[in-house]
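Notes follow the structure.
The values are calculated or read from the model by the stated rules, or taken from the named source; none is laboratory data. The structure presented is a predicted model; accordingly, all values stated were derived computationally and were not measured. A quick note on method: Cβ atoms are made from the backbone with ideal geometry, for glycine too, and the neighbour counts reach across all protein chains shown.
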Amino acid sequence: MIRRHVGYVLTTVVGVALLFASGCGTENGNPNVPPNEKDETAYGAEDAAERVLAANNRFAFELFANVRLEDAGPNTFISPFSVATALSMTYNGAAEETKDAMAEVLHVRDLSMEDVNRSQAALHSVVERTDSDVELNVANALWGREGTPFRPDFIRQVGKFYNAQVTELDFDHPQAPHVINEWVREETNGKIEDIVDSIDPETFLFLMNALYFKGKWTNPFDPAGTVDADFYLRDGETKRVPMMSQSGEYAYYAGNGFQAVELPYGSGLFSMTIYLPEDRSSSEAFYAQLNVENWAKWSTEFEKMSGTIQLPRFQLTYETTLNEALKAMGMEIAFDEQRANFHRMVDLSAAPDENAFIKQVKHKTFIEVNEEGAEASGATSVEVGIVSAPVDSFTMRVDRPFFFTIQDRETGTLLFMGAVEEPE
């Protein structure tokens, strides 16, 4: 049996690998011709963009929930925006039942491929707008094995709508992994390295998305106010962490069993929102109600209020494989070497007994949160003591497990999501 990997998709990093497997049937009975697609509903550009934005955020919460279930570690940190981008590129190569399954998981089944692509391109354009205190870089790339018969339309679509550079590379050359890793390192400002250790002889494509974010707080924390303090872990133990502190006026919300505060970056185009359950024992109760509907409702109920925020300075590196989470969400067929259909991506007419399927979706992130701001690909948490607050104000001391998001405030696009139980 011949197998070829189709590579990794990076999101700070998502890795997607597709494999060739021989002896596989195809869904339309003819592997040489892309199957006819069903009629798809066409929407106006603005309506389609709103639908894709809503789809991306729904996908974000579902992915986060499934990753938390799969991962036994104390911390979780993903970039759903990056994963959605990587899968959307891959979606352009899917056909028939595989395409339908991916559309369901991405929540775009009622949209045409053109609507999805144009809307993703429009969202990327908005998210990447200029803010002197925020550095945001989104980069896409396809690294293909020399001589692989990619379908021209697939290459054209990902280049046009995702601005993905397409490079043929001699995967048998010992420096090939270094070339790919160097691209990732440069696009993530050195925060993500060595995503590709080696290349299997049958790998034929790496689809990559890299996302780098670095933002300065609109109101930085004063380093002089940072002190070591206890952070209470879920098992009752404590850990000493540097705790930052500041007072001011914030967008604040007190929900059912939790507090939330929004900390803007730069001119206010982006922000981090921190959700703090009432106590360690209520963390799971919070996550039980964490879904896109509740999040959207909470987001409309923040009000300006004076208060004090005490936040740990922390740094977090996270790496996971998303295969099981995506299968649980409904994408099993895309990973099935017998049933997957990616004939819109690669022309198998010269090898009718071969089939392409996803082998691996790999995701790697880093974030650092400190007094100046946040650099995503990592996070830093800090907390400090504070004097008593005036009436009609709040104090939010983040000294126990918490959830956070980094988002584009204009569109509501969720760039990053994280659960921190043990700051590093």
### Query
Is it fair to say residue 144 is part of a loop (DSSP other than H, G, I, E, B) and either under 24 Å from residue 320 (Cα atoms) or not assigned by the TED database to the domain that holds residue 269 (or both)?
no
## Note on the structure
By residue number, the members of region 200-234 that are in a loop (DSSP other than H, G, I, E, B), under 25 Å from residue 409 (Cα atoms) and polar (S, T, N, Q) are 218, 219
### Query
Which one is nearest to residue 92 (Cα to Cα), of the residues in region 151-193 that are assigned to a loop (DSSP other than H, G, I, E, B) and more than 22 Å from the chain's Cα centre (by Cα)?
151
### Query
Tell me, which helices (runs of 4 or more DSSP H) wholly within region 278-332 include 2 or more residues that are of a type outside the set (D, E, K, R) and either under 18 Å from the mean Cα position of the chain (by Cα) or closer than 30 Å to residue 190 by Cα (or both)?
292-299, 323-326
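Conditions (1) in contact with a Lys or Arg (Cβ under 6 Å, 6 or more places away or on another chain); (2) among the β-branched types (Val, Ile, Thr); (3) over 30 Å from residue 272 (Cβ atoms), marked per residue:
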| position | (1), (2), (3) |
| --- | --- |
| 69 | no, no, no |
| 88 | no, no, no |
| 96 | no, no, yes |
| 100 | no, no, yes |
| 103 | yes, no, yes |
| 110 | no, no, yes |
| 121 | no, no, no |
### Query
What residue, among those in region 199-230 that are crowded, with 24+ Cβ neighbours inside 10 Å and polar (S, T, N, Q), is nearest to residue 144 (Cα to Cα)?
203
### Query
Checking residue 341 against (1) modelled with pLDDT of 85 or more; (2) more than 24 Å from the chain's Cα centre (by Cα); (3) not in a loop (DSSP other than H, G, I, E, B), which single condition isn't satisfied?
(3)
### Query
Residues in region 117-132: is at least one crowded, with 17+ Cβ neighbours inside 10 Å, of a type in the set (Lys, Arg) and farther than 23 Å from residue 212 by Cα?
no
### Residue check, residue 97 part of a helix (DSSP H, G or I) and outside the structural domain of residue 413 (by the TED database)
yes
